[in-house]
Amino acid sequence: MDIQIRDIYKGFGSFPALRGANLDIRSGELIALLGPSGSGKTTLLRTIAGLEFPDAGQILFGGVDTAPLPVSERRVGFVFQHYALFKHMTVLDNITFGLRVRKSKNRPDKDAIRKRALELLDLVQLSGLEKRYPAQLSGGQRQRVALARALAIEPSVLLLDEPFGALDAKVRKDLRRWLRELHDKTGVTTIFVTHDQEEALELADRVVVMNRGSIEQVGSTSDVYERPATPFVFDFLGSVNVFPGTVKDRKLSIDGANVTLDTDNDHAAGAVDIYVRPHDLRVVEEGSSGFDVTIKTVQRTGAIVRLITQLKHNKEIVEVELAHLDPQAINRKVGESIRLQPAIYGLFPRASHDSVRTLPDVDPLAVPEHRERGRLG
Amino acid sequence: MSNPATDYSLQDPPKIPFEPLIERNSSISEPTWVRWSLIFVAILFLALFLLLPLISVFTEALRNGLGPYFAAIVEPDALSSIKLTLIAAAIAVPLNLALGVSAAWCITKFEFRGKSLLISLIDLPFSVSPVVAGLIYVLIFGRQGYLGPWVMDHDIKILFAVPGIVLATIFVTFPFIARELIPLMQEQGTDSEQAALSLGANGWQTFWHVTLPNIKWGLLYGVLLCNARAMGEFGAVSVVSGHIRGETNTMPLQIEILYNEYSFSAAFAVASLLAGLALVTLGVKSFLEWRYGDELAAGRKH
């Protein structure tokens with residue numbers, strides 16, 4: 001089912017969690033809401049689910065306004081970060097819950113419910129575990145049960161709130177791959193929230209980058225990564241080096257360095273910030289256009305050689321990432337001088353430069369007070 | 001995409017042996033003599049202040065043998081006091097069960113203005129003296145009270161009658177269940193309820209199938225404590241009862257009257273009954289904790 005989100009505003013007390021969010025989601029899409037803590041991504045997801053109500057704006061499911069529908073009538077499959085399985089019920093009872101609570105005229109008969117649950121268990125590859133309790137499952141298995149439970153009600157949209165947040169790296173990777181396969185198989189419109197850019201880029205068809213209650217950019221994974229619309233998106237999706245520079249007559253120069261680059265970017269002339277990712281810097285020959293740096297540290301992480309270097313002209317730190325097989329990466333030593341040239345970069349007017357600021361997620365309902373429990377008597 | 005050798009998200013949880021872990025670590029334990037003297041002090045204290053009085057109640061009650069003991073219990077005034085105590089508890093406990101669960105549900109699952117005020121109000125019966133609690137009802141329903149004249153005009157007896165005793169008992173025992181449930185439900189959060197709602201359950205189904213099973217042991221514990229206090233309450237009931245023999249005396253009041261009349265063995269006989277009720281309550285509680293300890297712990301751990 002396609003979903004339209006129109007000018008959603010939502011505040012918690014004096015904290016504006018969402019400031020006019022607009023988004024169109026096509027039927028069958030797998031969408032990631034990506035942003036730092038406090039960017040409003042979870043609030044947006046919960047608002048779509050009907051667990052929060054917007055102060056202003058509209059959410060349309062297939063063209064129909066959902067405002068009068070409570071969460072129980074929206075047919076959304078919601079998957080929580082900490083699974084929220086019913087711990088006193090078996091896996092089978094958890095999965096069938098959504099069907100068992102239906103009014104008798106809409107409820108399938110017992111055998112049909114059981115059959116459907118066993119099919120779903122098969123789909124999430126947990127056949128044979130239907131009699132277990134959630135406490136007897138691993139984190140990865142629990143999240144699979146939570147997904148099966150959400151799919152049991154044949155949801156019009158599947159909403160996942162940081163679904164892999166509580167799991168360790170290996171399990172997370174496997175679940176991610178599996179979720180993608182599952183989505184391709186079922187075709188349910190799916191929206192998931194994450195603060196992990198790698199997860200968003202790997203899993204989603206389109207990524208919605210959010211910051212401080214607003215949507216910064218919506219685009220395919222390659223769009224947001226290769227053509228970030230704002231300095232924030234540039235900064236949030238991976239690390240970045242920022243150089244002050246000037247655009248004049250379609251020529252870009254980096255302040256203080258002997259670099260002039262042709263730019264077909266029809267950027268207005270004036271002071272700019274040049275955003276370059278560490279792996280978009282090239283090591284070039286003496287004499288080419290570029291800036292000189294001194295290598296401070298050389299670090300090998302997996303397939304990447306990371307150089308921390310210092311600009312000669314103003315002592316600023318520049319991070320460079322090279323593939324470990326790159327001839328330029330082999331035998332680099334601390335103290336060596338090299339010349340760098342930005343291969344791919346983004347330009348933003350100086351005034352718009354805005355450092356990444358993160359705020360805590362504000363959701364008073366979701367935060368239980370962890371107070372020591374005193375016993376009476 | 002190629003399948004990796006192992007899918008870690010499908011693996012079973014590791015098997016952890018279910019044995020109590022006994023820590024033998026010199027940096028976190030005391031020398032032997034310190035340990036044993038602390039244990040001795042604790043046991044001595046328990047024996048002197050808890051066990052000895054309990055034993056003395058029963059020995060005093062049985063001083064003249066079993067015959068007089070049973071005679072004291074089946075004496076009409078004593079029997080009526082036992083009946084009244086059971087009636088008061090039978091009304092107060094279910095009412096407080098309903099009120100306590102609603103209060104805890106309200107406080108832990110919803111956000112609203114005045115929540116902290118409500119929490120303080122629930123604690124009020126704990127913080128005021130039971131005698132004051134009793135006096136509150138005298139102020140309301142007494143001859144000079146706010147509702148006194150109206151109550152008298154309609155020929156309803158509240159003070160110095162069973163309704164007054166029940167009201168005082170409800171007031172005094174109100175916090176037990178709510179106080180037991182609030183921390184438990186706060187710890188459990190609202191995720192399970194929200195999950196149930198998103199799966200299409202209505203409010204009542206969510207409460208019955210999700211919330212209640214999660215709190216049942218805490219609830220039972222609260223009911224037991226509430227019941228123990230409801231039967232044993234003295235101060236508030238004493239103020240509103242009027243001490244009419246065979247009519248408005250509960251067991252604690254009957255014991256006091258007998259004691260003041262120097263019929264010690266009768267006083268202790270009724271007292272032993274009350275203590276026996278308390279022991280049964282504690283026994284049931286311990287049994288439940290032993291039988292369902294894991295479940296209780298799991299519920300609390302979240």
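In table form, for the structure just shown:
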{"quantity": "Qualifying positions in segment A:317-345 - under 12 Å from A:PHE291 (Cα atoms) and in contact with a Phe, Trp or Tyr (Cβ under 9 Å, 6 or more places away or on another chain)", "calculated": "A:VAL318, A:ARG339, A:LEU340, A:GLN341, A:PRO342"}
{"quantity": "Within segment B:263-273, tally of residues that are at pLDDT below 90 and either open to solvent by 60 Å² or more (accessible area, probe 1.4 Å) or under 24 Å from the mean Cα position of the chain (by Cα) (or both)", "calculated": "1"}
{"quantity": "Some residue of segment A:103-112 being of a type in the set (A, V, I, L, M) and open to solvent by less than 30 Å² (accessible area, probe 1.4 Å)", "calculated": "no"}
{"quantity": "B:ALA104 surrounded by 17 or more Cβ atoms within 10 Å (Cβ to Cβ), under 30 Å from A:ARG102 (Cβ atoms) and free of Cβ contacts under 8 Å to residues at least 60 places away in the same chain", "calculated": "no"}
{"quantity": "Where B:THR190 falls short, out of the listed (1) more than 23 Å from the chain's Cα centre (by Cα); (2) of a type in the set (Val, Ile, Thr); (3) within 30 Å of B:ILE244 (Cβ to Cβ)", "calculated": "(3)"}
{"quantity": "Any pair with Cβ under 7 angstrom, 6 or more apart, that starts in segment A:146-162 at a residue that is more than 10 Å from chain B (Cβ to nearest Cβ) and ends at one that is open to solvent by less than 10 Å² (accessible area, probe 1.4 Å) and in a loop (DSSP other than H, G, I, E, B)", "calculated": "A:LEU147/A:VAL124; A:ALA148/A:VAL124"}
{"quantity": "Tally of residues being part of a helix (DSSP H, G or I), over 23 Å from B:LEU282 (Cβ atoms) and of a type outside the set (Gly, Ala, Ser) across segment B:42-71", "calculated": "3"}
{"quantity": "All positions within segment A:126-145 that are more than 10 Å from chain B (Cβ to nearest Cβ) and closer than 18 Å to A:LEU179 by Cβ", "calculated": "A:VAL145"}
{"quantity": "Wholly within segment A:255-307, strands (runs of 3 or more DSSP E) carrying at least 3 residues that are among the charged types (D, E, K, R)", "calculated": "A:291-301"}
{"quantity": "Top-ranked residue in segment A:68-86 [being at the interface with chain B (Cβ under 7 Å from one of its Cβ atoms) and without any contact (Cβ under 8 Å) to a residue 60 or more places away in the chain; ranked as most open to solvent (accessible area, probe 1.4 Å)]", "calculated": "A:SER72"}
{"quantity": "A:ARG102 vs. criteria within 13 Å of another protein chain (Cβ to nearest Cβ) and under 21 Å from A:GLN143 (Cα atoms)", "calculated": "no"}
{"quantity": "A:TRP178, sole failed condition from (1) open to solvent by less than 20 Å² (accessible area, probe 1.4 Å); (2) away from chain B (no Cβ under 12 Å); (3) part of a helix (DSSP H, G or I); (4) aromatic (Phe, Trp, Tyr)", "calculated": "(2)"}
{"quantity": "Which listed residue is of a type outside the set (Gly, Ala, Ser), open to solvent by 30 Å² or more (accessible area, probe 1.4 Å) and in a helix (DSSP H, G or I), from B:ARG229, B:ARG245", "calculated": "B:ARG229"}
{"quantity": "Residues satisfying the stated conditions in segment B:72-96, i.e. assigned to a helix (DSSP H, G or I) and open to solvent by 60 Å² or more (accessible area, probe 1.4 Å)", "calculated": "B:VAL74, B:PRO76, B:LEU79, B:LYS83, B:LEU86, B:ILE87, B:ALA90, B:ILE91, B:PRO94, B:LEU95"}
{"quantity": "A:ARG227 among the basic types (Lys, Arg) and crowded, with 17+ Cβ neighbours inside 10 Å", "calculated": "no"}
{"quantity": "Count of segment B:189-202 residues which are facing chain A (nearest Cβ under 7 Å) and either surrounded by fewer than 20 Cβ atoms within 10 Å (Cβ to Cβ) or of a type outside the set (A, V, I, L, M) (or both)", "calculated": "8"}
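Residues are listed down the side, and each one gets a yes or a no for (1) out of contact with any strand residue (DSSP E or B) (no Cβ under 8 Å at 6 or more places or on another chain); (2) at pLDDT 90 or above; (3) open to solvent by 20 Å² or more (accessible area, probe 1.4 Å):
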{"site": "B:VAL131", "(1), (2), (3)": "yes, yes, yes"}
{"site": "B:TYR137", "(1), (2), (3)": "yes, no, yes"}
{"site": "B:ARG143", "(1), (2), (3)": "yes, no, yes"}
{"site": "B:LEU147", "(1), (2), (3)": "yes, no, yes"}
{"site": "B:ILE158", "(1), (2), (3)": "yes, no, yes"}
{"site": "B:ILE165", "(1), (2), (3)": "yes, yes, no"}
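The values are calculated or read from the model by the stated rules, or taken from the named source; none is laboratory data. Since the structure is predicted, the reported quantities are computational estimates derived from the model, not experimental observations. Methodologically, a virtual Cβ is constructed for each residue, glycine included, from the backbone with ideal geometry; neighbour enumeration extends over all protein chains shown. The accessibility values were calculated without ligands, DNA or RNA, using every heavy atom of the protein model including side chains. Shrake-Rupley method; radii C 1.70, N 1.55, O 1.52, S 1.80 Å.
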